Amino acid sequence: MLAVMFVWSKLSSVKWMDAWEERFSGNPALNLVITTIPGQVRVRVEIYAEKKKDVAAVQKEWGGSVREVKQQNWAALSKEPMPSISVRGKLVVVSARSAKDIAKEKKANVGKEVVAIPADMAFGTGHHATTATVLRMLVDAAKELEGQKWTMADLGCGSGILAIAAVKLGSTKTWGCDFDPKAVLVSKENAERNGTAKIRFTEVDVLEWEPKEQWDLVAANIFVTVLEEAFPQIVRSVKPGGFIMASGILKSQAPPCLKVAESCGIRWDRVVTKGKWLSAMGRRVG
Ligand SMILES: C[S@@+](CC[C@H](N)C(=O)[O-])C[C@H]1O[C@@H](n2cnc3c(N)ncnc32)[C@H](O)[C@@H]1O
């Protein structure tokens, strides 16, 4: 039997996008998807949840409509192709799904690495400010690591986008994890789709994680509350001198969160804000 999910949806003005993100980020039961509608100043805001009561509570507060979907039909929910995103002229994220469409994108983007992430699921397509910023940081770090063998861990992998991008940029050993089994599954599918099936993805809750190895680069685009609590183990998983990228942090909540990482041995070198979101890149001292 197909699993069902419940979707709440509502049309909203573009100017409220940040407010929707702020409202629903950090709640693992609610997967927020905001889709721009070509030629319109409105966006479609959707929330996917496994339990009807979760979307019913959103509807009670914010209006809109609720419907039931079979997971198999998710692909049909998001028909508009997402615009591709170019990252520092080095990487391009496209929403192509099939091998044929990916081949077309590769032809159209000669000289750039193509990362294909179909936009039908709620796990990060590169359009979110936090993902886009971490992708830029990844490209910059890969440049510094050029000529070396380097490894990467993607904590809270979502669609697997950061891990896949890291392999395309030169990571020789890559691991991603998420506490949501659907995210792990989608990441594996996307890795296959991108010819990067060597990436290992596993179901891990970083709050209960005891790292067994260290990585040259660790990206954690999770949520401020998770980062703050998990920084001790996240930092232990970074090789001394290695890179760390932390994102998913609301600007207003950033200072104490970044301080926790500093107390664990991180020196932040770059802090980038985009809308309400903050991302930071640094190194483990040592
Ligand atoms: C903001 S999304 C980022 C997805 C993707 N890495 C990206 O950059 O677009 C955060 C991801 O972290 C996962 N996550 C949240 N809390 C977690 C935890 N405690 N352990 C592991 N994964 C977690 C969520 O399921 C979600 O897929």
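Quick note: the coordinates plus some simple rules give every number you see, no bench work behind them. Predicted model, so just to flag it, every value in this text is computed and none were measured. Here the Cβ positions follow ideal geometry from the backbone for every residue, glycine too, while neighbour counts run over all protein chains shown.
Overview of results
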{"read-out": "Whole-Hz ³J(HN,Hα) from phi, Karplus 6.51 cos²θ - 1.76 cosθ + 1.60, for the stretch 210-217, glycine and proline x", "value": "10, x, 9, 9, 10, 10, 6, 9"}
{"read-out": "Highest average packing first - 104-114, 249-259, Cβ atoms within 10 Å", "value": "249-259, 104-114"}
{"read-out": "Long-range Cα-Cα pairs in the chain (distance over 32 Å), rounded percent", "value": "22"}
{"read-out": "0 to 90° range, to nearest 10: angle between helix 52-62 axis and the chain longest Cα axis", "value": "80"}
{"read-out": "Total formal charge among the other residues, if their Cβ is under 14 angstrom from that of A220, Lys/Arg +1 and Asp/Glu -1", "value": "-3"}
{"read-out": "Angle between the chain longest axis and helix 254-263 axis [Cα atoms, degrees, rounded to 10]", "value": "30"}
{"read-out": "FRET efficiency, A103 to A197 (Cβ-Cβ, R0 22 Å, nearest 0.05)", "value": "0.80"}
{"read-out": "Computed over the stretch 184-276, Kirkwood Rh from alpha-carbon pairs, angstrom", "value": "14.5"}
{"read-out": "Crossing angle, helix 181-193 versus the chain [Cα axis fit, 0-90 degrees, rounded to tens]", "value": "70"}
{"read-out": "Relative contact order %, the stretch 111-215, counting alpha carbon pairs below 8 Å whose residues are six or more apart", "value": "25"}
{"read-out": "The chain - mean residue ellipticity at 222 nm from DSSP helices (-39,500 (n - 2.57) per run, n ≥ 4, rounded to 500)", "value": "-10000 deg cm²/dmol"}
{"read-out": "Most to least packed among 84-92, 61-69, 140-148, 273-281 [average Cβ atoms within 10 Å]", "value": "273-281, 84-92, 140-148, 61-69"}
{"read-out": "For the chain: relative contact order, % (alpha-carbon pairs under 8 angstrom, 6 or more apart)", "value": "13"}
{"read-out": "Using alpha carbons only: equivalent-ellipsoid semi-axes of the stretch 123-284, gyration tensor based, whole Å", "value": "21, 17, 16"}
